[in-house]
Amino acid sequence: MKLTSYSRRRMGRGGRTTAALALLGTGIVLVSTLAPTAAEARPATTYYAAPDGKDGGHCSQAKPCSLERAQHVVRPAAKQGDVTVQLADGTYRLSDPLSFDANDGGGDHTITWAAAPGAHPVITGASKVSGWTRSDAGKGIWEAKTPEGLDSRQLYVDGKIAPRAAIRLANADVQPTATGLTIKNPALSYLATLPDQGRIEFESLGDFTNRYSPVKSISPTEITMAQSAWDNNTWGWDTVQNSFLAGPSWYLDNSLSFLTQAGQWFIDPGKGTLYYKPADGVDPNSLSIELPRLESLISIGGTYDEPVEGLAFKGIQFSGTSWLGPSTHGYGDQQNGTFIKEAYDYRPADAFTSCSRGCEMFERARTSWYQEPAAVQVSAASRVSFTENTFTNLGSSALGIGNDANATVTGVGLGASDIDVVGNRFMEDSGHGIVVGGVLPDAHHPSDVRMTNKDIRLENNTVDRVAVDYKDNSGILSTYVTNASILHNEVSHVPYDGIDTGFGWGINDAGGSNDYVDRGYYKWNTLYTTPTTLKNTRVEGNLVHDTKSRFADGGTLYNLSANPGAVVAKNYLFNISGVGLYLDEGSRSMTWENNVVQGGSFVFTNAYSLRNNTSDNVIQNNWYNSGGVSAPNAAAHNNKLINNVKVSGTNWPQGARDVICAAGVAPQYRTALNANQSGFPGCPAP
C-alpha cells in the first residue's frame with residue numbers, strides 16, 4: 001500500500017490548538033489546550049517498528065508495528081515534542097515508496113527514524129530471488145521465477161551491481177544513420193533472428209556522455225532504433241555519430257542471447273523468468289540475489305506553502321530500486337545526469353548531420369532538460385538530516401536534494417534548505433552518490449523565492465563506486481545552490497568526476513555568455529541581467545581519488561558558471577586521470593587554494609576565447625607533482641595564478657602534508673571503504 005497522509009488541520013510551528021487529535025485506529029485521544037495540566041495525556045517520545053511489525057496498535061517496544069503504521073501514529077504525537085521511531089534489526093521490504101509530506105515533519109520539533117542500538121535495519125524496494133534451477137537457455141545459465149510483468153535494469157548479487165547481458169560492438173561493425181545502425185559486419189546478421197528485439201538497447205560511451213537507445217527492430221543489415229530516443233542521442237554534443245572521442249565504446253545490451261559471461265543476467269518480464277550466469281561451480285542458491293521492484297524508495301516533499309520540516313534519518317540502509325525510464329524513452333544524455341526525452345518539433349530534419357556537434361535549435365532545447373531521479377528524494381523541505389546511513393544498490397542517483405520537479409515523485413521540486421548529510425556511505429549505486437539542486441530556470445532564477453536551494457551541508461560522507469550504470473554522473477554534484485558546504489568527504493572509484501559544482505556553462509549568469517550569443521541561444525531563451533542562486537560554495541578538506549576511469553572530459557574537482565564567494569581549498573587528489581582542478585565555461589569569482597594534486601594534470605581554466613567568461617578567479621598556494629598549468633588568456637580574463645608549487649614525486653612540503661593528513665572523513669566515520677590515511681606520506685595513524 002502506498003502511504004498517504006490523512007487529512008488534518010495543520011498546526012502552527014510550536015503552537016497549540018483546542019482541537020482534539022485522534023490517533024486513528026488506537027482509540028487514544030490527545031487533547032491540547034492553551035493551558036495544559038499535568039493530568040493531560042502526552043504521547044510517548046519513542047515508538048518501535050520491526051520487519052514483522054503489525055499494521056495496528058500503539059507501536060510499543062513489546063508490540064512493534066510496521067513502518068506504515070509507525071508513520072501514521074507519529075504524525076500527531078510529533079507536535080508535542082521530539083519523537084523517535086526506533087527500527088529493529090532486519091529487512092523492511094516495501095511494496096510502495098514511503099512518502100513523507102508536511103504532516104510527517106516535526107515542525108519546530110524533530111521526528112527521527114533511527115536504527116535501534118546495535119541494529120542494522122534495511123529498507124528496500126527489492127525482493128530476494130530464490131529457487132534457482134539450471135536452465136536450458138545456455139551453458140552455465142540458471143533461471144528463477146519472478147512475477148510476470150516485473151522488469152528491472154539492475155540486479156544485485158552479494159551487494160554488488162551485476163552487469164546486464166551485453167556484447168561489445170567494434171566501431172567498424174556498424175555505421176550510425178539517421179534511423180539507426182547499418183550492420184557492416186555480416187557476423188552480426190544473426191541479430192535479426194533474436195526475439196523481443198524491442199527490449200534490446202544500444203549503449204554508447206563517448207567523451208562525457210553515456211547514452212542508451214532502445215531498439216525498434218532488426219533486419220540482417222539494419223538496426224532500426226526507437227524514437228524519439230535515437231533523435232535525442234544524435235543531436236547536440238558528444239553524439240553517438242560524432243563523439244568528441246575518436247573511438248567511442250559501443251554495446252548492445254539486454255538480450256538472452258548476449259548472456260555469455262559469468263556474472264551477467266537477463267530478465268524476461270513476459271515469461272516471469274530471471275536468468276543468471278554465475279561463475280563456474282557456483283550455485284546461485286548460495287548467493288544473496290536481490291531483484292528491485294520499485295523505482296524510488298523514499299520521497300520527502302511538501303509544497304512551498306507547507307514544506308516538510310524537522311525530519312531525521314539515522315543508521316538505516318536504503319536499497320533496492322531500479323529506474324526504468326531509459327527502457328522506454330532512452331537516456332539522451334547531456335552531461336552529469338541531465339537528459340532529453342521529448343520529440344522536439346523544431347529539431348531540424350537534417351539534424352543527424354547538421355546538428356551532430358551543436359546547432360541553434362539544440363541550444364533552444366536546453367530549457368527543457370530532465371534530471372535523473374534519485375531513489376531517496378528531498379524537495380520543498382527544511383531541517384532534514386541524514387546521518388550515518390548507507391545508500392547502496394540503488395538504480396539511479398542515490399540521494400537527490402532540491403532537484404527539478406521533473407525528477408521528483410511529488411511533482412514539486414527545489415525548495416530544499418537547511419539539509420544536513422553527515423557520515424553516510426554511498427556505494428554500488430547506478431548514478432550519483434549525492435546530487436543537490438536543479439538545472440531548469442526556476443533553479444537558477446526562481447519565480448518564487450521559496451524555491452531557492454540553500455544551506456546544504458554534505459560532510460564526512462564516503463562515496464565509493466557509484467555511477468556504475470550512468471557513468472556520466474559525478475560522485476557528488478551540487479548545481480544552483482546558495483551556501484553549499486561540501487566538507488571532508490571521500491569520493492573514489494568513479495568513472496567521471498569526483499565533486500562537481502555549478503551548472504549552465506555561464507549561460508544563465510548576469511549578462512549571459514558571448515559563446516551562446518554566437519550559438520543563437522538567446523534568440524529563444526532568456527538573457528538574464530541578475531545573478532543566479534549559485535554562490536558561496538565551499539569545497540574543503542575532501543579526499544578524492546581513482547577518478548575519471550571512463551571519461552577524458554571534465555575534472556576531478558570541477559565547476560561550471562559564476563560561483564561568487566566560492567572557495568575550493570585543502571583537498572587532496574591522488575590516483576586521478578585527466579585534469580585535477582577544472583574551471584569550465586563561465587567559472588567566475590572563485591578561489592582555489594591549498595589543494596594537493598597528485599598525478600594527472602594540475603589545473604585547466606577554460607578561457608580559450610577572449611569572449612569567454614571564465615574570469616576573475618584566484619588559483620593560489622596549491623601543490624602538484626604532475627602535468628602543469630593550462631590557463632589560456634589568463635591576464636585578459638583576470639585569472640590569477642599565485643605561488644603554485646610543483647614538487648618532485650611525493651616530496652611534499654609540510655603545508656601539503658598537513659592538507660593530505662587532514663583530508664577525508666573524520667576517524668569516527670571511517671570504514672573499510674576508506675583509504676588508509678595512516679599510509680599517506682608523513683601522516684600519523686588515526
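As an exercise, use a Förster radius of 22 Å and the Cβ-Cβ distance of R357 and K184 to find the FRET efficiency, rounded to the nearest 0.05. If you can, show how the numbers build up before the last one.
On the way: r = 23 Å, r/R0 = 1.06.
Computed FRET efficiency for R357 and K184 comes out at 0.40.
How much length is gained if the chain between D52 and A662 is pulled fully straight, taking 0.36 nm per residue apart and subtracting their Cα-Cα distance, in nm to one decimal?
Values: separation 610, 0.36 × 610 = 219.60 nm, distance 4.39 nm.
So the chain would gain 215.2 nm between D52 and A662.
Based on the Cβ-Cβ distance of A192 and K271, what FRET efficiency does E = 1/(1 + (r/R0)^6) give at R0 = 22 Å, to the nearest 0.05?
Once rounded, the FRET efficiency stands at 0.55.
Could you run the Debye sum over the Cα atoms of segment 446-602, one equal point scatterer each and no solvent, and tell me log10 of I(q)/I(0) at q = 0.09, 0.11, 0.18, 0.20 Å⁻¹, two decimals?
Debye output, listed in q order: -0.29, -0.43, -1.06, -1.22.
P(r) tail for segment 256-349, what percent of Cα pairs lie past 24 Å?
On the way: 2356 of 4371 pairs.
Of all Cα-Cα distances in segment 256-349, 54 percent exceed 24 Å.
Counting only residues 5 or more places away or on other chains, whose amide H sits under 5 Å from the amide H of K640 once H atoms are built in the peptide plane?
Those qualifying (amide H under 5 Å, at least 5 residues apart or on another chain) are N617, V618, I619.
Within 12 Å, Cβ to Cβ, of D268, how many net charges do the neighbouring residues add up to if Lys/Arg are +1 and Asp/Glu are -1?
Numbers: positive: K145, R199, K271; negative: E143, E148, D151, D196.
Taking every other residue near D268 into account, the sum is -1.
Dimensions of segment 542-631 along principal axes (Cα, Å, largest first)?
33, 25, 18
Hey, quick one: spin label on N651, modelled 7 Å out along Cα-Cβ, who in segment 602-643 has an amide N within reach, i.e. under 18 Å?
623-627
Filter the cross-link list K277/K341; K139/K216; K454/K570; K341/K570; K79/K570; K139/K548 down to pairs whose alpha-carbon distance in this structure exceeds 31 Å. Intermediate values should be presented prior to the final figure.
Numbers: K277/K341 33 Å; K139/K216 29 Å; K454/K570 23 Å; K341/K570 40 Å; K79/K570 43 Å; K139/K548 36 Å.
Those over the limit are K277/K341; K341/K570; K79/K570; K139/K548.
How many Å³ per residue does the convex hull of the Cα positions in segment 321-363 occupy? List each step's numbers first, then the result.
Working: hull volume 3.6 nm³, N = 43.
It is 85 Å³ per residue.
Take the alpha-carbon centre of segment 185-242, take the same for segment 431-469, and report the distance between them in whole Å.
31 Å
Subtracting the Cα-Cα distance from 0.36 nm times the residue separation, let me have the gained length for D345 to S368 in nm, one decimal. Let's see the in-between values first.
Numbers: separation 23, 0.36 × 23 = 8.28 nm, distance 1.30 nm.
Contour length minus the Cα-Cα distance gives 7.0 nm.
Note down the magnitude of the dipole of the chain about its Cα centre, charges +1 on Lys and Arg C-beta and -1 on Asp and Glu C-beta and zero elsewhere, to the nearest 20 debye. List each step's numbers first, then the result.
Numbers: 54 positive and 66 negative charges, 172 e Å.
In debye, rounded to 20, the chain gives about 820.
Treat each spin label as a single point 7 Å out from the Cα along the C-beta direction, and report the H445 to A246 distance in nm.
Inter-label distance under the simple model: 4.2 nm.
Got the relative contact order for the chain handy, in percent, Cα pairs under 8 Å and 6 or more residues apart? Walk me through the intermediate numbers first.
Details: 2008 pairs, mean separation 59.0, N = 686.
Here the relative contact order equals 9 percent.
Just to be sure I understand the model, the point goes 7 Å from the Cα along the line to the Cβ. What's the resulting Y608 to T529 distance in nm?
Computed distance between label sites Y608 and T529 equals 3.3 nm.
Which distance in Å, rounded to a whole number, links the C-alpha centroids of segment 476-502 and segment 513-530?
That distance is 27 Å.
Convert each backbone phi in segment 647-653 into a coupling constant with the Karplus relation 6.51 cos²θ - 1.76 cosθ + 1.60 (shift: θ = phi - 60°), then list the ³J(HN,Hα) values in order as whole Hz, x for Gly and Pro.
Using θ = phi - 60°, the values come out as 10, 9, x, 10, 7, 6, x Hz.
Nearest-5 percent of antiparallel DSSP beta bridges in segment 457-601?
Working: 0 of 39 bridges.
Roughly 0 percent of the DSSP beta bridges within segment 457-601 come out antiparallel.
Over the alpha-carbon set of segment 385-516, divide Rg by the Kirkwood Rh and report the Rg/Rh ratio to two decimals.
Working: Rg = 14.5 Å, Rh = 14.9 Å.
My calculation of the ratio gives 0.97.
Report the percentage of all Cα-Cα pairs in segment 426-501 whose separation exceeds 19 Å, rounded to a whole percent.
Values: 1063 of 2850 pairs.
Cα-Cα pairs in segment 426-501 separated by more than 19 Å: 37 percent.
With label points built 7 Å along Cα→Cβ from the Cα atoms of S217 and S577, find their separation and express it in nm.
4.0 nm
I need the P(r) histogram for segment 298-391: all alpha carbon pairs, bin width 5 Å from 0 out to the longest distance, whole percents.
In whole percents, the pair-distance histogram is 3, 10, 15, 15, 15, 12, 11, 7, 7, 4, 1.
Using just the Cα positions, wrap segment 204-331 in a convex hull and report its mean projected area in square nanometres, one decimal place.
Numbers: hull surface 54.7 nm².
In nm², the orientation-averaged hull projection of segment 204-331 is 13.7.
Could you run the Debye sum over the Cα atoms of segment 74-192, one equal point scatterer each and no solvent, and tell me log10 of I(q)/I(0) at q = 0.09, 0.11, 0.12, 0.16 Å⁻¹, two decimals?
Here log10 of I(q) over I(0) equals -0.56, -0.71, -0.77, -1.00.
Please report Rg over Rh for the chain, where both radii come from the alpha carbon positions and Rh follows the Kirkwood definition.
On the way: Rg = 25.9 Å, Rh = 26.4 Å.
Radius of gyration relative to Kirkwood radius: 0.98.
Summarise the long-distance tail of P(r) for segment 305-344 by giving the % of C-alpha pairs beyond 12 Å.
On the way: 589 of 780 pairs.
Here the long-distance tail beyond 12 Å is 76 percent of all Cα pairs in segment 305-344.
Using 0.36 nm times the number of residues separating D280 and A119, minus their current alpha carbon distance, what extension gain do you get?
Working: separation 161, 0.36 × 161 = 57.96 nm, distance 3.53 nm.
Here the answer is 54.4 nm.
Along the charge dipole of the chain, which of L297, A398, A102 sits closest to the positive end, that is, farthest toward it, with unit charges on the beta carbon of Lys, Arg, Asp and Glu (+1, +1, -1, -1)?
Selected residue: A102.
I'd like the antiparallel share, as a percent to the nearest 5, of DSSP beta bridges with both residues in the chain.
On the way: 50 of 173 bridges.
Antiparallel: roughly 30 percent of the beta bridges in the chain.
Where a number appears in this text, it was derived from the coordinates with a stated rule and is not lab data. Since the model is a prediction, treat every value here as computed from it, not as a measurement. So basically every Cβ, Gly included, is an ideal-geometry build from the backbone, and we count neighbours across all protein chains shown.
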